[in-house]
Amino acid sequence: MHAIRTLLMASFLLAKFSLFAQTEDKSEDKKEQAMEIAREAIKLMDEGEYEESIEILEEAKTLDSTNYIFDYEIGYAHFLQEDYNTAIDSLEAVIEDYDTIGADLYQLLGNVYDFKEKPKEAIRAYKEGLEMFPNAGRLYLELGVVEAFTYEDFDKAMEYWETGIEKDPTYSSNYYWAAKLY
């Protein structure tokens, strides 16, 4: 009787492990499929087909709702269309909805505000990003750009670019703008 119980328990655990592995494989397949779809959408975006790109990215999101990059690209497509309000709404939602995001999201959000001629909001977005990503050279770059070209505060801009160089020495744009200012 003990042997039968052990055999049944072993069979149950093996079946459960097998089912878990299959579920995990299907999940990974969907994530890869979503990335393939997104790559196609980005190609369309590069060709100026923004609306079609957004539709395809929405499809990718249904396959993998854990990856913020699809929403980021949707926000970027709206930015390219100069639909800044929709881009801001999309990108702000990404910040609220995802646990894992990158400094690039804050850079794009700040850039949208900057293009919308709202430099204070742009600075807020970049600084929010720096709270999460204190070594993100790209965010120091953007802060310097706003200070230099909107407020003409070249000393403050240089401080940002130098800090960007110090924090992220592999991000070359801070060197470029610091050298250009000299």
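The values are calculated or read from the model by the stated rules, or taken from the named source; none is laboratory data. The structure displayed is predicted, hence computed values, not measured ones. Neighbour counts run over all protein chains shown; Cβ positions are idealised from the backbone, glycine included. For the accessible areas, the whole protein counts, side chains as well, though only heavy atoms, and no ligand, DNA or RNA atoms are used. Shrake-Rupley method; radii C 1.70, N 1.55, O 1.52, S 1.80 Å.
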Subset tally (residues that are closer than 16 Å to A87 by Cα and open to solvent by less than 90 Å² (accessible area, probe 1.4 Å)) for segment 53-70 = 7
task = Among the candidates Y175, Y160, single out the residue that is modelled with pLDDT of 95 or more and over 24 Å from K120 (Cβ atoms).
result = Y175
message = So, restricting to helices (runs of 4 or more DSSP H) that lie completely within segment 46-143, which ones have at least 3 residues that are within 29 Å of T170 (Cα to Cα)?
response = 69-80, 84-97, 103-115, 119-132
ask   = What are the residue pairs meeting all of these: first residue in segment 90-103, first residue charged (D, E, K, R), second residue open to solvent by 30 Å² or more (accessible area, probe 1.4 Å), Cβ atoms under 8 Å, and 6 or more apart or on different chains?
value = D97/Y68
query = Checking R39 against (1) at pLDDT 95 or above; (2) of a type outside the set (G, A, S); (3) surrounded by 14 or more Cβ atoms within 10 Å (Cβ to Cβ), which test does it fail?
reply = (3)
query = In this structure, does T170 turn out to be in a helix (DSSP H, G or I), at pLDDT 95 or above, more than 22 Å from A87 (Cα to Cα) and not acidic (D, E)?
reply = no
